[in-house]
Amino acid sequence: MINSVKFFWRIVLLLLTLLVVYLFIRIYPSYLWFVDVGFKNVFLISTLAKIGLFAVFFLGTFLFFAANLFIAQRIIRDVENKSEIVDSLLDRLFKQDKFTYNPVMDLLKGAIRRYTLIVLLVVIALVSFVVGGVQGYVQWDKVLRFIYQAPSTVIDPLFGKSISFYFFSLPFYNFIVAFLMLIIVIALIILFAVYLQFGLLRISLSIFRDKKIKAHLLTLGALFFVLLAIKFWLSRYGLLLTTGGKLFHGPGYTDIHAGFLNYAVLAGLSLLTGAILFLDIYIPTFKPVIMVLFVLLVSGVFFGGIYPGLIQNFVVNPNEYEKEKPYLEHNINYTRKAFNLENVSESFFPALEELNMNEIRNNKEIIDNIRVWDETPILKTFSQLQEIRLYYEFANVDVDRYDLGGKSQQVMISARELIGSQLSDKAQSWVNRKLQYTHGYGVVMSPVNQFTSDGMPEFYIKNIPPVSTVPYKINRPEIYFGERANEYVIVNTDIKEFDYPKGDDNVYTQYAGGRGIAIDSWLNRLLYSVQFGDKNIFFTSYIKKGSKILYNRNIMDRVKTIVPFITYDRDPYVVVADGRIYWMMDGYTLSNQYPYSQPFNNSINYIRNSVKITVDAYDGTVAFYLMDEKDPIIKTYQSIFKGVFKPFSQMPDSLKSHVRVPNDYFAIQAHMYRNYHMTNPQVFYNQEDVWEIPKQKNDESEAVMEPYYITMKLPDENNFDFLQLIPYTPSNKNNLISWLVSKNNPDEYGKLSVYKLSKERQIFGPTQIESRIDQDTYISQQLTLWGQKGSTIIRGNILIIPIENSLVYVEPLYLQATASNLPQLKRVIVAYGDNVVMETDLEKAIAKVFGNIPITENVAVQTTGNVVTASPEYERLAKQALDNYNEALEKQKSGDWAGYGESLRKLRNVLEQLAKFRK
């Protein structure tokens with residue numbers, strides 16, 4: 001017996017040791033990673049919260065079950081001490097008579113009796129682990145948000161509760177009540193089984209064999225109904241988060257006058273049921289309990305279904321607008337607050353057709369930033385022209401703006417990442433993918449409105465190493481962290497890291513960043529071998545002192561691992577600043593707990609773009625910047641994780657100039673504003689002025705327009721600004737009715753303005769412009785001709801460009817040979833007023849619309865008195881021609897014939913532009 005006990009405890013000790021080793025292997029590498037990225041406190045707080053709450057909920061649940069088992073054991077002993085006849089379940093299962101007596105059956109029955117308590121303790125330990133511990137572990141953030149909740153100045157219109165109550169307190173209360181109700185139900189099931197096993201319950205009206213059993217079970221039943229009463233009472237607040245009817249989200253007249261009453265009555269009856277159950281301990285009948293339960297059931301049916309139906313049909317429906325008006329106003333006001341639409345400025349835009357060439361010239365900065373390159377065609381073009389090697393890839397193309405000579409210039413920019421899986425089959429070795437081919441290299445950048453005579457983009461930054469024609473040099477072009485960096489790599493090993501190709505040879509480098517986890521010790525090598533399931537990490541001989549492992553290199557995975565409690569925008573974008581490459585990302589705080597707010601796509605009904613994130617593409621340094629200091633959700637997390645979120649003022653100015661409102665965020669706002677620009681409840685009730693986001697033609701199909709970035713000067717403003725714009729049409733109509741813009745500059749970040757158009761005359765929408773393009777004889781003939789020559793015509797996105805008080809429509813056309821994947825920008829279509837023209841570039845198309853008057857005056861020199869001066873544009877082109885000529889000579893001297901040819905090509909393009917000037 002003693003040896004058996006020793007063996008048992010040795011097994012327990014071995015299992016505990018294995019558990020500790022497992023936890024060490026799982027947790028310690030994560031700790032090292034969080035220390036490396038500089039967010040150790042996030043790891044410690046979240047891990048300790050999870051472990052602590054697991055322990056609290058597990059122990060609390062286990063002690064509750066154990067206490068009830070202890071009480072049950074005392075009651076069973078008392079009954080047995082009274083020598084009462086107990087016809088237990090065991091007695092019935094192992095019943096024997098003198099003719100069939102078997103001593104083994106008695107031994108088995110005795111063993112079961114002796115070990116029942118031990119078995120039950122094991123069972124409740126497992127149940128406590130699953131029901132208690134796991135719930136505490138999973139709901140750690142809900143508990144911390146409740147404890148550290150930040151106040152909000154927005155108050156709900158019915159109960160006067162802060163929005164923070166609905167974000168943090170109500171979910172916590174509901175969780176605790178539901179959890180307690182669950183463990184009481186489980187305890188009752190376990191106790192019924194125990195008492196039934198020992199024959200202390202009957203399947204009859206007189207179910208209890210002992211008053212103590214009755215007291216025990218009815219006390220738990222009473223507690224359950226008290227909790228049910230609390231649940232019903234809390235459900236009154238939940239009505240503010242539900243759909244009250246077909247008109248709007250939130251409680252309407254019927255919910256206010258019937259729903260609240262329903263939950264109040266049910267709460268009162270549940271409380272009464274609990275009280276009667278408790279009193280029934282001293283009353284030898286179940287009749288009062290049965291009566292109250294019957295009343296509870298009938299009340300639920302009447303107040304939850306019949307009574308609301310009567311109010312809706314006989315009170316609300318005949319007077320719907322009058323009865324629902326105040327609640328409809330709540331829905332309008334709180335939806336606008338929840339989606340940050342309450343301060344949208346409204347103006348009238350005349351959309352005149354009086355634009356002239358002088359006004360076009362005065363708005364040259366708008367023309368220079370009209371985007372004729374769409375993301376999909378230019379991504380294919382970048383891939384064909386600038387990937388250079390099969391293992392490089394451009395994940396996507398982003399639109400941004402850079403200051404060039406005091407003017408803002410929109411560009412298309414993309415990072416060149418290295419994909420190890422795209423190495424040739426013979427090069428697919430562990431050494432190559434993990435130690436040598438470790439990083440991408442550089443970016444490509446092109447102006448949004450320029451392309452060569454053969455339809456290719458002009459480049460501001462291109463090639464490997466990066467060659468820049470703009471004042472943005474890249475001193476650290478290596479990209480260790482990006483959108484496609486999905487594998488770990490080990491740097492600073494005995495294997496040289498491939499940097500970039502150079503002719504028939506390669507250039508090699510070593511990682512010099514501060515981030516990375518030292519992997520030169522046998523312990524770390526063993527830990528990461530286990531974590532990644534890769535024995536090569538432990539056995540390779542190439543690791544040396546100073547070697548580091550870099551993982552979580554995918555920037556989305558990286559920021560989600562650090563801060564998992566916010567939602568991230570799906571489109572990170574690359575930024576060149578201070579000689580380095582950065583990734584800029586956006587973080588959202590979301591909720592579906594905002595009172596009276598209409599949900600977006602039946603999901604969230606609150607959103608804020610509360611955080612900007614930057615990631616250094618070279619060393620992976622991550623910084624989180626707080627953008628919305630009024631958002632209670634991010635303020636709560638700021639209180640929990642102190643020091644994680646920096647003030648936006650601490651972001652470097654070189655990065656601040658590249659912040660922009662994310663496309664998805666603005667699209668959600670634009671979607672909600674379709675209905676919620678209507679603030680008059682009568683107009684909203686009748687849905688008189690519903691807007692829609694228009695569709696546009698993409699190849700042979702139609703798609704809903706997406707918001708687009710645009711450089712323009714808003715009416716009544718003097719400065720050009722980088723904005724985001726989306727147009728609207730009336731519901732089921734194709735004419736333009738308004739356009740919504742969002743500002744991107746840091747001083748007015750996210751400020752919304754809507755410009756409404758006249759309802760008294762026709763102003764073409766995108767679909768109508770597309771139809772006019774299709775009906776133009778010349779354009780139609782050209783499209784048909786190109787299509788017959790084995791090429792595919794790709795119609796670009798149509799852009800609506802406000803200039804002064806007018807609207808100009810621009811659509812690019814791309815041509816792609818069937819056998820290639822290289823789209824060429826061949827034509828630009830411009831529509832204005834009654835004119836629709838197609839030309840080889842944007843300037844020619846605009847000039848033709850306005851009577852063949854060139855945008856840039858073709859005057860090479862101007863004479864003022866006795867002084868002869870060249871026009872600024874002529875001087876710029878002349879200087880550029882000289883620079884290209886000198887560059888060609890340098891390339892010739894160095895034997896760089898490819899560069900020499902490229903310089904001559906650029907020189908030719910400049911000379912062609914100079915040839916347009918009149919002498």
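The values are calculated or read from the model by the stated rules, or taken from the named source; none is laboratory data. Just so it is clear, the structure is predicted and the values come from calculations on it, not from any experiment. A quick note on method: Cβ atoms are made from the backbone with ideal geometry, for glycine too, and the neighbour counts reach across all protein chains shown. For the accessible areas, the whole protein counts, side chains as well, though only heavy atoms, and no ligand, DNA or RNA atoms are used. Shrake-Rupley method; radii C 1.70, N 1.55, O 1.52, S 1.80 Å.
List of remarks:
- Within the shell of other residues whose beta carbon sits under 14 angstrom from the beta carbon of Leu740, the net charge comes to +2, with Lys and Arg scored +1 and Asp and Glu -1.
- Net length available on complete extension from Leu15 to Glu458 is 152.9 nm, with 0.36 nm assigned per residue and the Cα-Cα distance removed.
- With all projection directions averaged, the alpha carbon convex hull of the range 329-404 covers 10.6 nm².
- Figure legend: label point modelled 7 angstrom from the Cα of Asp403 along Cα→Cβ; residues of the range 562-584 with amide N under 15 Å from it are 576-579.
- Coil-residue trypsin sites (Lys or Arg not before Pro) of the range 492-553, DSSP, other Cβ within 10 Å capped at 14: Lys496, Lys535, Lys544, Lys545
- Distance distribution P(r), the range 552-658, all Cα-Cα pairs, bin width 10 angstrom from 0: 14, 44, 31, 10, 1 percent.
- Percent of alpha-carbon pairs separated by more than 19 Å within the range 664-794: 60 percent
- Overall dimensions of the range 487-551 by Cα: Rg and Dmax, Å: 12.9, 42
- Paramagnetic label reach from Asn735 (point 7 Å along Cα→Cβ; backbone nitrogen cut-off under 19 Å): within the range 695-720, residues 695.
- Projected onto their three principal axes, the Cα atoms of the range 535-605 cover extents of 63, 36, 16 Å, largest first.
- Summarising the amide proton neighbourhood of Tyr500: residues at separation of 5 or more, or on other chains, whose placed amide H is nearer than 5 Å comprise Val507.
- Measuring r between the beta carbons of Arg908 and Glu354 and using R0 = 30 Å, the FRET efficiency lands at 0.15.
- In terms of overall dimensions, the C-alpha atoms belonging to the range 359-507 reach 63, 28, 27 Å along their principal axes, ordered largest to smallest.
- In the chain, the DSSP beta bridges split such that about 90 percent are antiparallel, to the nearest 5.
- The share of Cα pairs per 5 Å bin across the range 764-850, counted from zero up to the longest distance, runs 3, 14, 25, 26, 17, 9, 4, 2, 0 percent.
- Helix 766-775 and the longest principal axis of the C-alpha atoms of the chain enclose an angle of approximately 40°.
- Amide H contacts of Ser591 (H built 1.01 Å from N, under 5 Å, at least 5 apart or other chain): Asn605, Tyr606
- With 0.36 nm allotted per residue and the present C-alpha distance subtracted, the Arg361-Ala512 stretch has 49.5 nm of extension available.
- Model label sites at Ala193 and Arg77, defined 7 Å from Cα along the beta-carbon direction, differ in position by 2.3 nm.
- For the chain: accessible area per residue (Å², 1.4 Å): 47 Å²
- Tilt relative to the chain, helix 260-279 - C-alpha long axis, 0 to 90 degrees, to 10: 30 degrees
- Summed residue charge, Cβ within 11 Å of Ala845's Cβ, Lys/Arg positive, Asp/Glu negative: -1
- Zero-based 20 Å bins, Cα pair distances in the chain, whole percents: 11, 32, 31, 18, 7, 1, 0
- Of all beta bridges that DSSP places with both ends in the range 552-658, some 90 percent have antiparallel geometry.
- The length gained on full extension between Lys496 and Phe294, counted as 0.36 nm times the residue separation minus their Cα-Cα distance, comes to 64.7 nm.
- Theoretical FRET efficiency, 1/(1+(r/R0)^6), r = Cβ-Cβ of Lys50 and Asp716, R0 45 Å, to 0.05: 0.25
- Amide hydrogen neighbours beyond the local backbone of Tyr568, cut-off 5 Å, H modeled: Tyr588
- Magnitude of the charge dipole for the chain, about its Cα centre and with charges confined to Cβ atoms of Lys, Arg (+1) and Asp, Glu (-1), is about 3900 debye.
- The apolar share of the surface of the chain, taken as the fraction of accessible area on carbon and sulfur atoms (1.4 Å probe, ligands and nucleic acids excluded), comes to 57 percent.
- Directionally averaged shadow of the range 691-748, computed from the convex hull of its alpha-carbon atoms, nm²: 5.0 nm²
- Remark: the range 605-613, residue by residue, has Karplus-estimated 3J(HN,Hα) of 10, 7, 8, 9, 8, 8, 9, 10, 10 Hz, where x stands for each Gly or Pro and the curve is 6.51 cos²θ - 1.76 cosθ + 1.60 at θ = phi - 60°.
- Charge context of Leu352, other residues only, Cβ under 12 angstrom, K/R +1, D/E -1: -3
- Taking label positions 7 Å along the Cα-Cβ direction at both Glu342 and Arg761, the computed distance is 3.8 nm, reported to one decimal.
- Cα-based helix-to-principal-axis angle, 2-37 vs the chain, degrees rounded to 10: 20 degrees
- Here the 3J(HN,Hα) profile of the range 123-133, calculated from phi with Karplus coefficients 6.51, -1.76 and 1.60 at θ = phi - 60°, is 5, 5, 5, 5, 5, 5, 4, 6, 7, x, x Hz, Gly and Pro shown as x.
- Across the range 826-834, coupling constants 3J(HN,Hα) worked out from phi with the 6.51/-1.76/1.60 Karplus curve, θ = phi - 60°, read 9, 9, 10, 9, 10, 10, 8, x, 8 Hz, and Gly and Pro carry x.
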